[in-house]
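The values are calculated or read from the model by the stated rules, or taken from the named source; none is laboratory data. The shown structure was predicted, so the numbers you read here are calculated from the model rather than taken from an experiment. Methodologically, a virtual Cβ is constructed for each residue, glycine included, from the backbone with ideal geometry; neighbour enumeration extends over all protein chains shown.
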Amino acid sequence: MNIGVLALQGDVREHLLSLENCGIKGRPVKTPADLYGLTGLIIPGGESTTVGKLLERSGLLVPLRRQAEAGMAIFGTCTGLILLAKNIEGYEEQPRLGLMDITVRRNAFGRQVESFETELPIPALGDPPLRAVFIRAPEVVRVGPGVEILASWGDRIVLVRQGRYLAAAFHPELTPDLRLHRYFLQECCGLAVGRTRPSSLSR
Ligand code: GLN
């Protein structure tokens, strides 16, 4: 099972640990050669302008996009969601993968509430709601016809799926709940994820 975590910036270790707790040994992806044979890739949070530039500089942007178009699944969290979007409000020139038919608004939750946690109901995951950590989070302001809205916080769209692409405005790797990582592995990567042990990541 070949699952990678883009390791240019952000909480790479936490995503690798979440994968490990799902019974999967993920591998960090830093160069185009690291993409070889990947079934799925996680793009962690960070700063999307920086990660976009690093994607270009490392030569990963084009091969990564090509591999996704050829069938690789992608799970973008926060900055990952921004980089997956076709349109980024106010940042039309920012380098991105542009694989999902969505428009995002960066830093959508305002400066005074830059970070917060909430219990987020996600019907596709069942009960209980998922503890969701938002850190200078984006929101999705438009979805195209092929895009499924999996969760909203109030009237803000924060979790979307388009086939094998999954994108969250929050950080599932920062809580011990593995359901969203498992959802990605099963539904987007087509992997049979067996019984998992509880995350060893304590907060
Ligand atoms: N605010 C960041 C951006 O616009 C995203 C923050 C995050 O990934 N936690 O890129």
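For the range 4-19, a residue qualifies if it is touching a strand residue (DSSP E or B) at 6+ places or on another chain (Cβ under 9 Å) and under 17 Å from THR49 (Cα atoms), and the qualifying residues are LEU6, ALA7, LEU8, GLY10, ASP11. Does at least one position in the range 104-115 carry a residue that is of a type in the set (Phe, Trp, Tyr) and touching a Pro at 6+ places or on another chain (Cβ under 9 Å)? Checking the range 104-115: at least one residue is of a type in the set (Phe, Trp, Tyr) and touching a Pro at 6+ places or on another chain (Cβ under 9 Å).
Under the condition of being within 16 Å of LEU41 (Cα to Cα), outside any strand (DSSP E or B) and within 16 Å of the ligand (Cβ to nearest atom), the residues counted in the range 154-176 number 3. In summary, ARG136 fulfils each of the numbered conditions (1) at pLDDT 95 or above; (2) within 16 Å of the ligand (Cβ to nearest atom); (3) basic (Lys, Arg) with the single exception of condition (1). GLU117 versus (1) within 16 Å of the ligand (Cβ to nearest atom); (2) in contact (Cβ under 8 Å) with a residue 24 or more places away in the chain; (3) surrounded by fewer than 20 Cβ atoms within 10 Å (Cβ to Cβ); (4) over 20 Å from LEU6 (Cβ atoms): which is the lone unmet condition? So the condition that GLU117 fails would be (2). Applying the set (1) over 28 Å from ARG156 (Cα atoms); (2) free of Cβ contacts under 8 Å to residues at least 24 places away in the same chain to ARG111 leaves exactly one unmet item: (1). Scanning the range 89-109 for residues that are hydrophobic (A, V, I, L, M, F, W, C), surrounded by fewer than 24 Cβ atoms within 10 Å (Cβ to Cβ) and within 13 Å of the ligand (Cβ to nearest atom) yields a count of 2.
Can you tell me which residue in the range 45-86 is farthest from ASP101 (Cα to Cα), limited to those that are within 16 Å of the ligand (Cβ to nearest atom) and of a type in the set (S, T, N, Q)? Within the range 45-86, the match that is farthest from ASP101 (Cα to Cα) is THR50.
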